[in-house]
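Visitor: Here you go, one structure.
The values are calculated or read from the model by the stated rules, or taken from the named source; none is laboratory data. Keep in mind it's a predicted model, so treat the numbers as computed, not measured. Here the Cβ positions follow ideal geometry from the backbone for every residue, glycine too, while neighbour counts run over all protein chains shown. SASA here: full protein model, heavy atoms, side chains in, ligands and nucleic acids out. Shrake-Rupley method; radii C 1.70, N 1.55, O 1.52, S 1.80 Å.
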Amino acid sequence: MKNSRNILFVILSLFITGTALAQTNEMIVNMIKTGAEIQPTMYGLFFEDINYAADGGLYGELVKNRSFEFPQNLMGWETYGKVTLNNDGPFERNPHYVRLEYPGHNHKRSGLQNEGFFGIGVEKDKEYRFSVWARCLNKNSKIKVQLINSAAMGEQQAVASHDLVINSKEWSKYELILKPSQTNAKLKLRIFLDSGNAVDLEHVSLFPVDTWNGHENGLRKDLAQALYDLKPGVFRFPGGCIVEGTDLETRYDWKKSVGPVENRPINENRWHYTFSHRFFPDYYQSYGLGFYEYFLLSEELGAEPLPVVNCGLACQYQNKDESAHVAVSELDCYIQDALDLIEFANGDISTEWGKLRADMGHPEPFNMKYIGVGNEQWGPEYVERLKPFVDAIRKAYPQVKIIGGSGPGSEGDHFEYLWPEMKKMKVDLVDEHFYRPESWFLEQGARYDNYDRKGPKVFAGEYACHGAGKKWNHFYTALLEAAFMTGMERNADIVHMATYAPLFAHVEGWQWRPDMIWYDNLNSFNTASYYVQQLFSLNKGTNVLSLTMNNKPVTGAAGQNGLFASAVWDKNQQEIIVKVVNTSDKSQPINLSFEGLKKKSKLANGKLITFESSDLLSENSIENPTLLQPVESNYKTEGTSINNTINAHAFQVYKLKLMK
């Protein structure tokens, strides 16, 4: 009898335990009234030239140091024969050029070759536009332009070759098309003097003909397409820390980045030496991807442009002395730069800067609505410099919204000091930055629930989950970013913009990770974080819907089984979209009830998108770019509720039509 009782007790215990484990998480979506409007800018992109994101990345130029203006003028080049460097060229800001002369013997050669960015990557039978500014000295001259594989075991190093006659004593632009016979990521560009007559060469350039939207000074197509596929609502540029510069002399100066590309000076990139353990001494900015190109890209992506200007402060991490910064009394030229930028973007073609925009090919205004002043600045020194910018911009362009900052952290002294100051100054949005570990993201599901609704709106301008001891783009950190983003979405009345950072990284040239999109010279792949951003951006809806469990938002709080969730209504598609993230290591039964539907309304069959992985440390790569991808399936519904199970460590998006 005693044994029978023990067996009965065990069976009953297992039943109770199993019931508890299988307890359904009851979530209620309130359809009676839609909530806050979700801004079109809610999910967007932040671009900074870090990790070879511009030159060697998105910017299509394949030649490094094309105008011989690096401090070591021939960095990136090898020369042979009789080659001399001169500095009285045709472009004021880029005066250097090379002269190729007869080497002294018919069986010797004069020439030079460029290593590109970790090599020059080309595809077989694709067209590449070579251009150069050149002049002959006395008689016509000829050069031979080649793409070479110096490691080739065949009879020829050249995989493409073309002769070019230089027939003017005046500086002129010459072009030709190279069509390589093989695909190779590690070629070099070689230029031979192919006659006895000397020639001068300046601004040596090589671009794919097939750039994004066919622009000659264009962008790498696969990388720009990846941005387009995110359907971003806002595009913030050009940084980031490069806005500040290690010193003000090397800050990003937008005025130097516009006008003819041949006359845009190089700028030192503060990321080439910031980390001695990831050191790249040949990392400079050509300014070929400048503010005109950023505005044009914003337009072609369908995103609001959000340029950031320097506020008179160099990087505060790198400069502790006040003398490194511009005195408040001497800010006038910096403030004028900001006002001139707005004129460049929006001004009539009769204005100085509006005319330059038109001369560059865009007479219509870019309709810029936002401007950021300063990046990760902090302290009273930031506040006292920001105020005169705010006053001047408000007076001249009251319709432009101004974005201030809350410092480099998500909390702490700088953050607590700056938010009240931003409110006093009445900036329109405050830029928050947080690169934080897993624990922080798990604890921040309700971060914005209690923010002051009367002050500035939030721009989560830089954020990413940095795995503790695992700082790469693995699935688990992306999952926690998704969990956090449900909280931003639920609070869309206060959070108006959010952009993951950094955006790009070259696999051979990175200084910082994780990053959203990785690439080598020929291939690219999207990370798990990319797909999380895409799932939110493509499914942001138009209005927030209240979603609760036991009358509380689903924020991963105690008793919520590691679940995070948000719901939106898309009035354009007449669609309910629910996002559920399970951060726990157990599958979770869920029930979604849609309360307040009109009589005769019920859920139509919809779509279920699932993003999950049993290996939390798995990642996409050049070798396996599609290991992690969301999977979409049809989903059958009945009545006014949904019963389903979300697997451990999974992200689900339900897209449901209403049927009347």
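Visitor: Please give the number of the condition residue 463 fails out of (1) buried (at least 16 other Cβ atoms within 10 Å of the Cβ); (2) over 30 Å from residue 519 (Cα atoms); (3) modelled with pLDDT of 95 or more.
Guide: So residue 463 meets the others, but not (2).
Visitor: Residues of the stretch 115-135 being buried (at least 20 other Cβ atoms within 10 Å of the Cβ) and in a strand (DSSP E or B), which ones?
Guide: 116, 120, 121, 122, 128, 130, 132, 133, 134, 135
Visitor: Here is a follow-up. In the stretch 607-623, what residues are out of contact with any Ser or Thr (no Cβ under 7 Å at 6 or more places or on another chain) and of a type outside the set (D, E, K, R)?
Guide: Matches in the stretch 607-623: 609, 610, 611, 613, 614, 616, 617, 618, 621, 622.
Visitor: Scan 314, 327 and give me the residue that is over 22 Å from residue 461 (Cα atoms) and aliphatic (A, V, I, L, M).
Guide: On the way: 314 fails: over 22 Å from residue 461 (Cα atoms).
It is 327.
Visitor: Could you list, in sequence order, all residues of the stretch 310-326 that are small (Gly, Ala, Ser) and open to solvent by less than 40 Å² (accessible area, probe 1.4 Å)? Walk me through how you get there before you give the answer.
Guide: If we filter the stretch 310-326 for residues that are small (Gly, Ala, Ser), which is where we start, we get 312, 314, 323-324.
Once the filter is applied, which keeps residues that are small (Gly, Ala, Ser) and open to solvent by less than 40 Å² (accessible area, probe 1.4 Å), the stretch 310-326 yields 312, 314, 324.
Visitor: I've got another one for you. Only one residue in 475, 564, 525, 536 is open to solvent by 10 Å² or more (accessible area, probe 1.4 Å) and of a type outside the set (S, T, N, Q), so which one is that?
Guide: Working: 475 fails: open to solvent by 10 Å² or more (accessible area, probe 1.4 Å); 564 fails: open to solvent by 10 Å² or more (accessible area, probe 1.4 Å); 536 fails: open to solvent by 10 Å² or more (accessible area, probe 1.4 Å).
Exactly one residue qualifies, and that residue is 525.
Visitor: Any chance you could count how many residues in the stretch 361-393 are among the acidic types (Asp, Glu) and either closer than 14 Å to residue 343 by Cβ or in contact with a helix residue (DSSP H, G or I) (Cβ under 8 Å, 6 or more places away or on another chain) (or both)? I'd like the intermediate steps shown before the answer.
Guide: First, pick out the residues of the stretch 361-393 that are among the acidic types (Asp, Glu): 364, 376, 381, 384, 391.
Cutting the leftovers down to either closer than 14 Å to residue 343 by Cβ or in contact with a helix residue (DSSP H, G or I) (Cβ under 8 Å, 6 or more places away or on another chain) (or both) gives us 376, 381, 384.
Number of matching residues: 3.
Visitor: Could you tell me whether residue 317 is assigned to a loop (DSSP other than H, G, I, E, B) and either in contact with a Cys (Cβ under 6 Å, 6 or more places away or on another chain) or of a type outside the set (Gly, Ala, Ser) (or both)? Don't jump to the end; show me each part of the working.
Guide: Details: assigned to a loop (DSSP other than H, G, I, E, B): yes; either in contact with a Cys (Cβ under 6 Å, 6 or more places away or on another chain) or of a type outside the set (Gly, Ala, Ser) (or both): yes.
When the stated conditions are applied, residue 317 passes them.
Visitor: What about residue 179, is it among the basic types (Lys, Arg) and touching a strand residue (DSSP E or B) at 6+ places or on another chain (Cβ under 7 Å)? Outline the logic, then answer.
Guide: Values: among the basic types (Lys, Arg): yes; touching a strand residue (DSSP E or B) at 6+ places or on another chain (Cβ under 7 Å): yes.
In short, yes.
Visitor: Regarding residue 520, is this residue crowded, with 18+ Cβ neighbours inside 10 Å and either without any contact (Cβ under 8 Å) to a residue 40 or more places away in the chain or charged (D, E, K, R) (or both)? Can you show your working first?
Guide: Details: crowded, with 18+ Cβ neighbours inside 10 Å: no; either without any contact (Cβ under 8 Å) to a residue 40 or more places away in the chain or charged (D, E, K, R) (or both): yes.
The answer is no for residue 520.
Visitor: Looking at (1) within 26 Å of residue 263 (Cα to Cα); (2) in contact (Cβ under 8 Å) with a residue 60 or more places away in the chain; (3) not in a strand (DSSP E or B), which is the one condition that is false for residue 188?
Guide: Every condition holds for residue 188 apart from (3).
This table checks each residue for (1) surrounded by fewer than 20 Cβ atoms within 10 Å (Cβ to Cβ); (2) touching a strand residue (DSSP E or B) at 6+ places or on another chain (Cβ under 9 Å); (3) at pLDDT below 95.
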| residue | (1), (2), (3) |
| --- | --- |
| 218 | no, yes, no |
| 227 | no, yes, no |
| 233 | no, yes, no |
| 259 | yes, no, no |
| 277 | yes, no, yes |
| 289 | no, yes, no |
| 295 | no, yes, no |
| 299 | yes, yes, no |
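Visitor: Let me ask you something else. When only residues in the stretch 634-643 that are in contact with a strand residue (DSSP E or B) (Cβ under 7 Å, 6 or more places away or on another chain), assigned to a strand (DSSP E or B) and not aliphatic (A, V, I, L, M) count, which is most open to solvent (accessible area, probe 1.4 Å)?
Guide: Residue satisfying both the conditions and the ranking: 634.
Visitor: Is the stretch 644-655 home to any residue that is among the β-branched types (Val, Ile, Thr), assigned to a loop (DSSP other than H, G, I, E, B), in contact (Cβ under 8 Å) with a residue 40 or more places away in the chain and surrounded by fewer than 16 Cβ atoms within 10 Å (Cβ to Cβ)? Before you say what the answer is, go through the steps one by one.
Guide: Of the residues in the stretch 644-655, the ones among the β-branched types (Val, Ile, Thr) are 645-646, 653.
Now drop any that are not assigned to a loop (DSSP other than H, G, I, E, B), which leaves none.
Within the stretch 644-655 (the criterion being among the β-branched types (Val, Ile, Thr), assigned to a loop (DSSP other than H, G, I, E, B), in contact (Cβ under 8 Å) with a residue 40 or more places away in the chain and surrounded by fewer than 16 Cβ atoms within 10 Å (Cβ to Cβ)), the answer is no, since none of the residues qualifies.
Visitor: Sticking with this structure for a sec: Kindly evaluate residue 270 against the criterion of being basic (Lys, Arg), under 22 Å from residue 370 (Cα atoms) and crowded, with 24+ Cβ neighbours inside 10 Å. Working first, answer last.
Guide: On the way: basic (Lys, Arg): yes; under 22 Å from residue 370 (Cα atoms): no; crowded, with 24+ Cβ neighbours inside 10 Å: yes.
No.
Visitor: Quick check: anything in the stretch 242-256 among the hydrophobic types (A, V, I, L, M, F, W, C) and assigned to a loop (DSSP other than H, G, I, E, B)?
Guide: Initially, the stretch 242-256 is screened for residues among the hydrophobic types (A, V, I, L, M, F, W, C), giving 242-243, 248, 254.
From the residues that got through so far, the ones that are assigned to a loop (DSSP other than H, G, I, E, B) too are none.
No; the residues of the stretch 242-256 include none that is among the hydrophobic types (A, V, I, L, M, F, W, C) and assigned to a loop (DSSP other than H, G, I, E, B).
Visitor: Can you name the condition, by its number, that residue 440 falls short on among (1) under 18 Å from the mean Cα position of the chain (by Cα); (2) surrounded by fewer than 22 Cβ atoms within 10 Å (Cβ to Cβ); (3) among the aromatic types (Phe, Trp, Tyr)?
Guide: (1)
Visitor: Give the number of residues within the stretch 340-360 that are open to solvent by 50 Å² or more (accessible area, probe 1.4 Å) and either in contact (Cβ under 8 Å) with a residue 24 or more places away in the chain or in contact with a Lys or Arg (Cβ under 6 Å, 6 or more places away or on another chain) (or both). Let's see the steps before the verdict.
Guide: Our first condition is that a residue be open to solvent by 50 Å² or more (accessible area, probe 1.4 Å); within the stretch 340-360, this holds for 348-350, 352, 355, 359.
If we keep only those that are either in contact (Cβ under 8 Å) with a residue 24 or more places away in the chain or in contact with a Lys or Arg (Cβ under 6 Å, 6 or more places away or on another chain) (or both) as well, we get 349.
Of the residues in the stretch 340-360, 1 are open to solvent by 50 Å² or more (accessible area, probe 1.4 Å) and either in contact (Cβ under 8 Å) with a residue 24 or more places away in the chain or in contact with a Lys or Arg (Cβ under 6 Å, 6 or more places away or on another chain) (or both).
Visitor: Taking the stretch 90-113 on its own, how many of its residues are open to solvent by less than 20 Å² (accessible area, probe 1.4 Å), closer than 18 Å to residue 173 by Cβ and not aliphatic (A, V, I, L, M)?
Guide: Going through the stretch 90-113 one residue at a time, the tally reaches 2.
Visitor: Identify the single condition in (1) modelled with pLDDT of 95 or more; (2) surrounded by fewer than 24 Cβ atoms within 10 Å (Cβ to Cβ) that residue 470 does not satisfy, given that it satisfies every other one.
Guide: Against the list (1) modelled with pLDDT of 95 or more; (2) surrounded by fewer than 24 Cβ atoms within 10 Å (Cβ to Cβ), residue 470 comes up short only on (1).
Visitor: Return the residues of the stretch 153-170 that are under 40 Å from the mean Cα position of the chain (by Cα) and open to solvent by less than 90 Å² (accessible area, probe 1.4 Å); say none if nothing qualifies.
Guide: 157, 158, 159, 160, 161, 162, 163, 164 - these are the residues of the stretch 153-170 that are under 40 Å from the mean Cα position of the chain (by Cα) and open to solvent by less than 90 Å² (accessible area, probe 1.4 Å).
Visitor: Does residue 64 qualify as being in contact (Cβ under 8 Å) with a residue 24 or more places away in the chain, open to solvent by 60 Å² or more (accessible area, probe 1.4 Å) and not aliphatic (A, V, I, L, M)? Outline the logic, then answer.
Guide: Working: in contact (Cβ under 8 Å) with a residue 24 or more places away in the chain: yes; open to solvent by 60 Å² or more (accessible area, probe 1.4 Å): no; not aliphatic (A, V, I, L, M): yes.
Taking the combined requirement at face value, the residue does not satisfy it.
Visitor: While we're looking at this one, here's another question. Looking at 280, 235 in this structure, which one is under 26 Å from residue 508 (Cα atoms), in contact with a helix residue (DSSP H, G or I) (Cβ under 7 Å, 6 or more places away or on another chain) and in a strand (DSSP E or B)? Steps first, please.
Guide: Details: 280 fails: in a strand (DSSP E or B).
Just a single option satisfies the conditions, and that option is 235.
Visitor: Being of a type outside the set (Lys, Arg), under 18 Å from residue 449 (Cα atoms) and without any contact (Cβ under 8 Å) to a residue 12 or more places away in the chain is the requirement here; does residue 567 meet it? I'd like the intermediate steps shown before the answer.
Guide: Working: of a type outside the set (Lys, Arg): yes; under 18 Å from residue 449 (Cα atoms): yes; without any contact (Cβ under 8 Å) to a residue 12 or more places away in the chain: no.
No; evaluated as a whole, the condition is false for this residue.
Visitor: Further question: Can you tell me how many residues in the stretch 504-516 are of a type outside the set (D, E, K, R) and surrounded by fewer than 24 Cβ atoms within 10 Å (Cβ to Cβ)? Talk me through it step by step, then tell me what you get.
Guide: In the first step, residues of the stretch 504-516 are kept if they are of a type outside the set (D, E, K, R); the result is 504-507, 509-512, 514, 516.
Among the residues that remain, those that are also surrounded by fewer than 24 Cβ atoms within 10 Å (Cβ to Cβ) are: 506-507, 509-512.
So the count comes out to 6.
Visitor: Output the number of the condition that residue 56 fails; it satisfies all remaining conditions of (1) surrounded by fewer than 19 Cβ atoms within 10 Å (Cβ to Cβ); (2) modelled with pLDDT of 95 or more; (3) over 30 Å from residue 575 (Cα atoms).
Guide: For residue 56, the exception is condition (1).
Visitor: Looking only at the stretch 286-308, count every residue that is among the polar types (S, T, N, Q) and in a helix (DSSP H, G or I) and tell me the total. Before you say what the answer is, go through the steps one by one.
Guide: Filtering the stretch 286-308 down to residues among the polar types (S, T, N, Q) leaves 286, 298.
Now restrict to residues that are in a helix (DSSP H, G or I): 298.
Total satisfying the criteria: 1.
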